[in-house]
1. With an 8 Å Cα cut-off and a minimum separation of 6 or more residues, compute the relative contact order for region 1-75 in percent.
2. Give me the log10 of I(q) over I(0) for region 62-109 at q = 0.26, 0.28 Å⁻¹, as the Debye formula computes it from C-alpha points; what are the numbers?
3. What residue among 76, 40, 21 shows peak mean-square fluctuation when the chain is described by a Gaussian network model with Cα springs under 10 Å?
4. Could you give the length gained by full extension between residue 44 and residue 96, i.e. 0.36 nm per residue of separation minus their alpha carbon distance, to one decimal place?
């Protein structure tokens, strides 16, 4: 993950992979109770790896641009949190723009 713009240097990121109700922290400091990454990290540290094996979606291929349809066992969610902590330098801002880039890759088996 990375950010560019007015407040990018202050942003903190956290991300989890959620499959079948199981939360796997990917980026950030994991919570003590296992409920997910609660403490974000700066962009230069916001990189991680997680893996999940999902059930097959079904025999029919999706057409380009079609929405995913299939059983819950073939679905995973990536939950990304972007934190903008309170900081003296930000209090004077009336408006700010930041672009966030998230790269996700996967493979079919």
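1. Relative contact order of region 1-75: 27 percent.
2. -1.28, -1.32
3. Answer for the Gaussian network model of the chain: 21.
4. Details: separation 52, 0.36 × 52 = 18.72 nm, distance 2.07 nm.
Extra length from residue 44 to residue 96 when fully extended: 16.7 nm.
Read the figures in this text as sums done on the coordinates, not as results from a lab. Being a predicted model, the structure only gives us computed values, none of them experimental.
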